1. Quote the FRET efficiency, to the nearest 0.05, computed for Thr229 versus Leu207 with a Förster distance R0 of 41 Å and r equal to the Cβ-Cβ distance.
2. Arrange the residues Asp190, Asp268 by how much accessible surface each exposes, largest first, with a 1.4 angstrom probe.
3. What's the lysine pair count for the chain at a Cα cut-off below 20 Å, pairs eight or more apart or interchain?
4. Express in Å², to the nearest 10, the accessible area of Leu153 obtained by rolling a 1.4 Å probe over the protein heavy atoms while all chains stay in place.
5. Count charges around Ile213 for me, please; just the other residues with Cβ under 12 Å from its Cβ, Lys/Arg as +1, Asp/Glu as -1.
6. Where is the GNM fluctuation largest for the chain (alpha-carbon springs, 10 angstrom cutoff): Leu53, Leu281, Leu80?
7. Label points 7 Å out from Cα along the Cβ direction at Arg164 and Leu149: separation in nm?
8. So how strong a dipole does the chain carry about its Cα centre when Lys and Arg Cβ are +1 and Asp and Glu Cβ are -1, to the nearest 20 debye?
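The values are calculated or read from the model by the stated rules, or taken from the named source; none is laboratory data. Values in this document were obtained by computation on a predicted structure and should not be read as measured data. Here the Cβ positions follow ideal geometry from the backbone for every residue, glycine too, while neighbour counts run over all protein chains shown. Quick note on the areas: whole protein, heavy atoms, side chains included, nothing else; ligands and nucleic acids left out. Shrake-Rupley method; radii C 1.70, N 1.55, O 1.52, S 1.80 Å.
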Amino acid sequence: MRNMSVVTTFILTGLPHAPALDIPLFGIFLVIYVLTVVGNLLILLVITVDSHLHTPMYYFLANLSFIDMWFSTVTVPKMLMTLISPGGGAISFHSCVAQLYSFHFLGSTECFLYTVMSYDRYLAISEPLRYASLMGGRACALLATTTWLSGSLHSAVQTTLTFRLPYCGPSQIQHYFCDAPPILRLACADTSMNKRVIFVNIGVVALSCFLLIVGSYVSIVCSILKIRTSEGRCRAFQTCTSHCIVVLCFFVPCVFVYLRPGSKDAVDGVVAVFYTVLTPLLNPVVYTLRNKEVKKALFKVRSKSVFTE
């Protein structure tokens with residue numbers, strides 16, 4: 001990666017807010033971050049130790065929990081520093097590169113993983129007799145590996161194109177983490193090609209994944225309506241509802257931000273909170289509170305720990 005930059009440190013301005021809200025916002029986001037990390041770690045633990053959850057659905061859920069734990073860790077701690085420390089918004093050039101790569105790597109992998117999870121639910125409901133053979137261990141591992149490799153490639157392209165440009169000042173990034181659109185506004189060169197890449201490489205990819213997910217769920221609904229018993233239909237709907245909630249909270253803000261690459265609105269930073277802070281928290285909340293199997297597994301783990309004590 002060729003770096004012609006004379007800027008060695010960027011300044012993250014953080015979320016737009018009144019100074020009096022620094023401490024309250026710090027407390028709120030710190031609690032959310034701790035709950036996110038602990039909740040996702042708990043899901044990983046439960047899926048690992050309970051053999052009843054060693055199925056394709058929970059295999060992908062474990063991947064999602066791992067991603068969400070680190071996705072939140074990439075952005076939230078630095079945001080917290082901008083709220084309580086006068087120099088908390090400072091981030092070195094190389095740290096900014098690492099943060100942007102990590103953010104887009106984990107974010108795009110999660111985007112692809114949601115698509116794979118919708119395909120898994122489609123097969124489970126529409127092809128129940130063939131499901132076990134279609135989604136065997138090798139197929140699950142291949143799909144998961146593909147999402148991680150695709151996310152890595154996507155992020156490498158985005159990061160390389162962003163930081164090959166010269167940055168010679170100003171150095172204030174109008175955001176609470178290093179993301180491509182606000183960084184490009186500081187470049188001392190033409191960024192039209194980068195904006196087109198953002199539109200295609202991020203916005204259109206996210207929109208395409210979202211449309212594939214919608215298509216999967218349209219097929220799922222058609223299959224559910226063919227189920228004769230109301231109990232069976234209700235159970236099938238409940239299986240998919242949690243996935244739909246998290247998908248909407250992740251994709252809608254992403255499409256809003258990245259399909260408007262020329263936007264300079266401060267509202268973009270506020271919208272980004274949905275997929276960087278709230279969605280990683282929704283994963284453990286939605287998948288545990290709405291899922292009987294996970295709640296049973298959590299109860300077993302708790303019972304064993306109490307018995308051991």
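1. 0.65
2. Asp190, Asp268
3. Value for the chain: 5.
4. Approximately 120 Å² for this residue.
5. 0
6. So, out of Leu53, Leu281, Leu80, the one fluctuating most is Leu53.
7. Inter-label distance under the simple model: 2.3 nm.
8. The calculation lands at about 640 debye.
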